[in-house]
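Okay, structure first, notes after.
The values are calculated or read from the model by the stated rules, or taken from the named source; none is laboratory data. Computed from a predicted model, the values in this text were never measured in an experiment. So basically every Cβ, Gly included, is an ideal-geometry build from the backbone, and we count neighbours across all protein chains shown.
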Amino acid sequence: MNQQNPTQKYASGTVGGALAASSALGHDVVGALVGDVLYDLGSALPQGAMPVPVRMTDEAAVPMIRHSTAHVMADAVQRLFPGTLVTIGPSIENGYYYDFDRPQGAFSDEELRAIEGEMDRIIGSSLEFVRKVVSRDEARALFSSKGETYKLEILEGIPEGSPISLYQHGDWVDLCAGPHVPSTRHLKAFKLLSCAGAYWRGDEHNKMLQRIYGTAFADKKALKAHIDALEEAKKRDHRKLGTELDLFSIDEQIGGGLVLWHPRGAFVRYLLEEHWRKRHFRCGYDVVATPHVGRAHLWQTSGHLENYKDAMYAPMEIEGNPYYIKPMNCPFHIAIYRSRMRSYRDLPLRWAELGTVYRFERSGQLHGLLRVRGFTQDDAHLFMTPQQLLPEIQKMLAFSFSLLADFGFKDLDVQLATRPKDKFVGEPAIWEMAEKALREGLAAEGVKFSVDEGGGAFYGPKIDIKIRDAIGRLWQCTTIQVDFNLPERFDISFIGEDSKRHRPVMLHRALLGSIERFFGIMVEHYAGAFPMWLMPEQIAILTVAERHEEHARKVEAALRERGLRPIVDASNEKLGAKIRSARNLRIPAIAVVGDEEVAKCGVALRTREQGDVGFQSLDEFIDWMTTQAKEPSM
C-alpha cells in the first residue's frame, strides 16, 4: 500500500478533517487506517488516533469500493422495482452482494443488465455518501415510514448504547456501519455477476430472498482481469469436468453431498491415497483404522455433543444405546492410545488414517466435492512429550510442504493462529510454549507467515497452510493444531523418566484436508489434465487401420510390462476422431501406429506439452514413458 505516515496525533473529529489538517487529504484519498481499522472520511476519529491515508489504488480501499457499489445497486433495484425491500449488503471476498425481498421472485439476466444501466446513471450523478449518526427512535421512524421491515429487525438487534449510523447518497438511505468512499464518482469499475436464492439470516425456516452478487474494483483493468479469471474458473469447474471426464457424480436419490466415485475417478483417488500412504510410512507414521460410529458417551467426553451437535447426524438406537456416526476421528485415536499404558520411551507416536467422517451441511451450502456431507480426512494425530513438540512441528512442516509439492502445489500461504482472548482451555504458560514451538518450527524451516491474533481454536494454537492454484486462487488445506483439551478430557498420560504420570502433548494434522475436497481442487488446478503419474490412462495407442492392431497390442503389452497404463483404440473411427477422443479425456500422450511404425517397430508420439514429437523406436518410447510417469519423491 502506498501510504503516507502521519506525524501527529489528532483530537476527536472526522477522519477527513484530520487528514486535511495534515495536508494528507489528496484527491485520491478515500479513507484512513487507524491501526487495522478502516474509516471513511466522514467517520469520527478516535481520541489520539494517528490516521494513515488510504488511496483508491490501495488494497485497503477495495472493501469500501465494493460496499459503496452494493449501496448503489440496492438504490438501482428499488428505483426499477418499486415495492422491493432491502436487507443486508456487505462487501465479501472478491465482491459484494445484497439480499432483496421482491414479490416477483428471482431477477432475470435482462433485469440484471437493466440494474447495471441504472447504476451507471446513479454513479454519473456524482452523489456524495453522507454519514449521519441518529437515535434509535429516529432510525425506527425513518424505516417504518418506508415499510422496510427487515431494517427494523436489524435495528432491534443493535445493542443499547451502540452508535446507530445511516449512509445516504441522493435520496436513498440505509442503516449501515460503513465505511464508504466519499462519492459515487469514485466507483469506476463494477459488474453484476449472478442472482441466487438465500434465506433471511441463513435460516431455512425464514423467507427465501433474492441475492444479487457483484464485484467492483478501483479501475476497469483490474475488473477485466477478475472477470477473465472467473471465466477461466468456469471452464475449470470440477463439477463440469467431473461429468465430462466421468470421474464422479452425486445422486439425489442417495443424498446430497454423498459422492459416487466412477472407475476413472476412483482410480485417481486410489493413486493419490497410495502415494499418501507411502510418504507417511517413509516419515515414520503408522496407519490405523477406526469405526464409522461410536456410542454417545464418547462424543460427550470429547465435547462434540456440547459444541458440535448441530453438525452431527441424529443418533441411532442400538440395544438401548444411542450411537452417532462420526464427524471426526480424534476420539478413536485417543482410544487406541488409552488401550495400554504408554512410556516416554514409546513417544512420539504418529498415527495416520484416511478416515471417512460425516457432517451435516445445509443443502444450500453443498458444492460438488468442495462441500460435502461424507468425506475422507487424511487425518493424523501425534502424541509426544512437551520436549518433542518443536522437532515434531519441524518434521511435520517439512513433510507437509514436500507432499503438497508432489501434487504440484508449491506456492503456499501460511498463517499462525494464536490464543483466543476469551474462551480457551489450558494454562496461558502452556499456550505460550506451544505458540513459541510453532513459531520456532516455522522459523527453522524458513517459512514466511502471517499471524492471526486470537484466531486459534479454543483447545490450542494452530498453523494453517493454503495452496495457490493455477489461476491464483487460495485454498485452505493443511492445518496443524496443538490440543490441550482432549488429552485432559480423556485423561491420557504417559510414564516419564521420573516414573510419574505426565500429560502428553497432542497434535492434530490434516495435510490435504479431505480427499474429496483436495481432488476437486486438483481437477480445477490442472483443468482435468492430471500429471501423468496420476492419470488413469497414461498413453492412448491409436491404430490408423485394422491391420495395425497387432503391433498396437505388442506396444501395449510392452508398456504394461513396465507398470504403465496404456489403452488401445483399434476401432473403425477415423484417426482424427480417435485423437479428439483421447484429448477430451486429457490423456497425456498419444502413440499413433501406422504402416511406417509397424515397419520400423515404433510409434509416432504426440504429447500434451510438446505436440507432435515424431517417430520413436519402441525402446526409446518406453524409456521416455517410464521417466515421464515416475511417481514424485519416490
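Return the residues of the range 194-206 that are loosely packed, with under 11 Cβ neighbours inside 10 Å and either more than 22 Å from the chain's Cα centre (by Cα) or modelled with pLDDT of 90 or more (or both); say none if nothing qualifies. Break it down stepwise before answering.
Taking the range 194-206 and keeping what is loosely packed, with under 11 Cβ neighbours inside 10 Å, we get 202-205.
Hits for the range 194-206 are 203, 204, 205.
Can you pull out every residue in the range 169-193 that is in contact with a Lys or Arg (Cβ under 7 Å, 6 or more places away or on another chain) and part of a strand (DSSP E or B)?
Result: 175, 189.
Residue 486 passes all but one of (1) buried (at least 19 other Cβ atoms within 10 Å of the Cβ); (2) at pLDDT 95 or above; which number fails?
If we test residue 486 against (1) buried (at least 19 other Cβ atoms within 10 Å of the Cβ); (2) at pLDDT 95 or above, just (2) comes out false.
Select from the range 27-54 the residues that are among the small types (Gly, Ala, Ser) and touching a helix residue (DSSP H, G or I) at 6+ places or on another chain (Cβ under 9 Å) and list them in ascending order.
Initially, the range 27-54 is screened for residues among the small types (Gly, Ala, Ser), giving 31-32, 35, 42-44, 48-49.
31, 32, 42, 43, 44, 49 - these are the residues of the range 27-54 that are among the small types (Gly, Ala, Ser) and touching a helix residue (DSSP H, G or I) at 6+ places or on another chain (Cβ under 9 Å).
Looking at this structure, is residue 143 part of a helix (DSSP H, G or I), assigned by TED's automatic domain parsing to the domain that holds residue 161, surrounded by 13 or more Cβ atoms within 10 Å (Cβ to Cβ) and touching a strand residue (DSSP E or B) at 6+ places or on another chain (Cβ under 8 Å)? Can you show your working first?
Details: part of a helix (DSSP H, G or I): yes; assigned by TED's automatic domain parsing to the domain that holds residue 161: yes; surrounded by 13 or more Cβ atoms within 10 Å (Cβ to Cβ): yes; touching a strand residue (DSSP E or B) at 6+ places or on another chain (Cβ under 8 Å): yes.
Judged against the criteria, residue 143 is a match.
Identify, by number, the condition in (1) without any contact (Cβ under 8 Å) to a residue 60 or more places away in the chain; (2) under 30 Å from residue 220 (Cβ atoms); (3) crowded, with 18+ Cβ neighbours inside 10 Å that residue 119 doesn't meet.
Unmet condition: (1).
For the condition surrounded by 12 or more Cβ atoms within 10 Å (Cβ to Cβ), under 21 Å from residue 91 (Cα atoms), touching a residue at least 40 places away in the same chain (Cβ under 8 Å) and not aromatic (Phe, Trp, Tyr), what is the one hit in 130, 173? Break it down stepwise before answering.
Values: 173 fails: touching a residue at least 40 places away in the same chain (Cβ under 8 Å).
Result of the check over 130, 173: 130.
Could you grab me the full set of residues in the range 591-634 that are in contact with a strand residue (DSSP E or B) (Cβ under 7 Å, 6 or more places away or on another chain), among the small types (Gly, Ala, Ser) and crowded, with 18+ Cβ neighbours inside 10 Å?
591, 602, 604
Considering (1) at pLDDT 95 or above; (2) farther than 30 Å from residue 497 by Cβ, say which one residue 314 fails and leave the rest.
Among (1) at pLDDT 95 or above; (2) farther than 30 Å from residue 497 by Cβ, the lone unmet condition for residue 314 is (1).
Just to verify a result, which residue in the range 432-448, among those that are free of Cβ contacts under 8 Å to residues at least 40 places away in the same chain and crowded, with 18+ Cβ neighbours inside 10 Å, is nearest to residue 400 (Cα to Cα)?
Among those that are free of Cβ contacts under 8 Å to residues at least 40 places away in the same chain and crowded, with 18+ Cβ neighbours inside 10 Å, it is 439.
Can you give me the number of residues within the range 402-426 that are among the aliphatic types (A, V, I, L, M) and surrounded by 20 or more Cβ atoms within 10 Å (Cβ to Cβ)? Even if it seems obvious, please write down each step before you answer.
First, pick out the residues of the range 402-426 that are among the aliphatic types (A, V, I, L, M): 403-405, 412, 414, 416-417, 425.
Okay, now just the ones that are also surrounded by 20 or more Cβ atoms within 10 Å (Cβ to Cβ), so 403-404, 416-417.
Within the range 402-426, residues that are among the aliphatic types (A, V, I, L, M) and surrounded by 20 or more Cβ atoms within 10 Å (Cβ to Cβ) number 4.
Results for (1) crowded, with 17+ Cβ neighbours inside 10 Å; (2) not in a loop (DSSP other than H, G, I, E, B), shown as yes or no for each residue.
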{"position": "294", "(1), (2)": "yes, yes"}
{"position": "299", "(1), (2)": "yes, yes"}
{"position": "327", "(1), (2)": "yes, no"}
{"position": "341", "(1), (2)": "no, no"}
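Given the criterion of a type in the set (Lys, Arg) and either more than 29 Å from residue 150 (Cβ to Cβ) or in a strand (DSSP E or B) (or both), identify the matching residue among 201, 264. Even if it seems obvious, please write down each step before you answer.
Numbers: 201 fails: either more than 29 Å from residue 150 (Cβ to Cβ) or in a strand (DSSP E or B) (or both).
Result of the check over 201, 264: 264.
Just for the range 507-540: of the residues that are in contact with a helix residue (DSSP H, G or I) (Cβ under 7 Å, 6 or more places away or on another chain) and part of a loop (DSSP other than H, G, I, E, B), which one is nearest to residue 456 (Cα to Cα)?
Result: 511.
Just to check your reading of the model, which residue among 393, 465 is within 14 Å of residue 481 (Cα to Cα), touching a Gly at 6+ places or on another chain (Cβ under 6 Å) and surrounded by 14 or more Cβ atoms within 10 Å (Cβ to Cβ)?
Working: 465 fails: touching a Gly at 6+ places or on another chain (Cβ under 6 Å).
On inspection, the qualifying residue turns out to be 393.
Identify, please: which residue in the range 277-292 is touching a helix residue (DSSP H, G or I) at 6+ places or on another chain (Cβ under 6 Å) and farther than 28 Å from residue 316 by Cα and is, among those, surrounded by the fewest Cβ atoms within 10 Å (Cβ to Cβ)?
This residue is 283.
Evaluate the following for residue 429: is it surrounded by fewer than 16 Cβ atoms within 10 Å (Cβ to Cβ), within 30 Å of residue 491 (Cα to Cα) and either at pLDDT 95 or above or hydrophobic (A, V, I, L, M, F, W, C) (or both)? Don't jump to the end; show me each part of the working.
Details: surrounded by fewer than 16 Cβ atoms within 10 Å (Cβ to Cβ): yes; within 30 Å of residue 491 (Cα to Cα): yes; either at pLDDT 95 or above or hydrophobic (A, V, I, L, M, F, W, C) (or both): yes.
In short, yes.
Taking the conditions exactly as written (modelled with pLDDT under 95, surrounded by 13 or more Cβ atoms within 10 Å (Cβ to Cβ) and of a type outside the set (Phe, Trp, Tyr)), does residue 218 satisfy them or not?
Yes.
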